[in-house]
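Below is one structure; the comments refer to it alone.
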Amino acid sequence: MANPLRRTSDRFESWFRGLLMLVLALGLPVAALSAGTTAYESSMRTVQAQSADREEVTARLTSNVKGITTDGKQQAQVRWTDDNGTERTGTTFVESGTPVGATVRLWAARDGSLTSPPMSEFNATTTGWFVGGTAAIGVAAGFFAARAAMRHVLDRRRYAQWDAEWDRVEPVWSARFRR
């Protein structure tokens, strides 16, 4: 049943709020799933590429490690032999006090340079969840921002209409009390 006291702006606000709720209900899961899945798949391609390009090798320490740093590691020279039988050397961080000739495990790229371990599947999964969650938060923030902006615009219009109506009624109203 129609309410005679309900203004056009009230009807518009109700309709717009319903539209926003529909966008939130449908858009939030779609945005979160698509963003999370895309980020996960991209990260998994990185995992596969890095795993194909990097290998874990056993190297021997060729220089003494001296001094102590805050994290207990120092740079030292290492030597290892790659899959092709080529002897390689490089510098890596090892525990302070590690003796010359000790073996250390490290990661090397196919070109022989020392590198970090490849990204793990756990990192890819975490990235997917993080990006999906961020997309969901973004959609929710957009919902609340649009709702607040719509409310602000409608309230300004309502107050302006109220002021205009009061300007018309107030002289008649206040004249009643001057008699």
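The values are calculated or read from the model by the stated rules, or taken from the named source; none is laboratory data. Just so it is clear, the model here is predicted, and its values are computed rather than measured. Heads up, the Cβs are rebuilt from the backbone with ideal geometry, glycines too, and the neighbour counts pull from every protein chain shown. All accessible areas refer to the heavy atoms of the entire protein, side chains included, with ligands and DNA or RNA removed. Shrake-Rupley method; radii C 1.70, N 1.55, O 1.52, S 1.80 Å.
Odds and ends about this structure:
- Evaluation of Gly133 against the conditions (1) surrounded by fewer than 15 Cβ atoms within 10 Å (Cβ to Cβ); (2) more than 27 Å from Met21 (Cβ to Cβ); (3) modelled with pLDDT of 95 or more shows that the sole unmet condition is (2).
- One residue from Val78, Val47 being open to solvent by less than 50 Å² (accessible area, probe 1.4 Å), part of a strand (DSSP E or B) and on the phi < 0 side of the Ramachandran plot: Val78
- Residues in region 1-14 that are loosely packed, with under 10 Cβ neighbours inside 10 Å and of a type outside the set (S, T, N, Q): Met1, Ala2, Pro4, Leu5.
- Top-ranked residue in region 116-142 [being assigned to a helix (DSSP H, G or I), in contact (Cβ under 8 Å) with a residue 24 or more places away in the chain and of a type in the set (S, T, N, Q); ranked as nearest to Glu56 (Cα to Cα)]: Asn123
One line per residue, one yes/no per condition, for (1) in contact with a strand residue (DSSP E or B) (Cβ under 6 Å, 6 or more places away or on another chain); (2) at pLDDT 90 or above; (3) open to solvent by 40 Å² or more (accessible area, probe 1.4 Å); (4) basic (Lys, Arg):
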site	(1), (2), (3), (4)
Leu28	no, yes, yes, no
Ala31	no, yes, no, no
Ser42	no, yes, yes, no
Val57	yes, yes, no, no
Pro99	no, no, yes, no
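- Qualifying residue in region 2-24 (condition: in contact with a strand residue (DSSP E or B) (Cβ under 9 Å, 6 or more places away or on another chain) and of a type in the set (D, E, K, R)): no
- Close pairs from region 143-160: first in a helix (DSSP H, G or I), partner among the β-branched types (Val, Ile, Thr), Cβ under 8 Å, at least 6 apart: Phe143/Val23
- Conditions (1) among the hydrophobic types (A, V, I, L, M, F, W, C); (2) exposed (fewer than 14 other Cβ atoms within 10 Å of the Cβ); (3) under 30 Å from the mean Cα position of the chain (by Cα); number of the one not met by Trp166: (3)
- For Leu154, the conditions (1) open to solvent by 70 Å² or more (accessible area, probe 1.4 Å); (2) within 30 Å of Ala31 (Cα to Cα); (3) over 29 Å from the mean Cα position of the chain (by Cα); (4) of a type outside the set (D, E, K, R) are fulfilled apart from (1).
- Residue within region 11-25 that is part of a loop (DSSP other than H, G, I, E, B) and either under 30 Å from the mean Cα position of the chain (by Cα) or modelled with pLDDT of 85 or more (or both) present: no
- Looking across region 96-115 at every residue that is touching a residue at least 40 places away in the same chain (Cβ under 8 Å) and part of a loop (DSSP other than H, G, I, E, B), the one that is farthest from Leu61 (Cα to Cα) is identified as Arg110.
- Against the test of being surrounded by fewer than 13 Cβ atoms within 10 Å (Cβ to Cβ), aliphatic (A, V, I, L, M) and closer than 30 Å to Ala31 by Cα, the options Ala148, Ala140 yield a single qualifying residue, Ala148.
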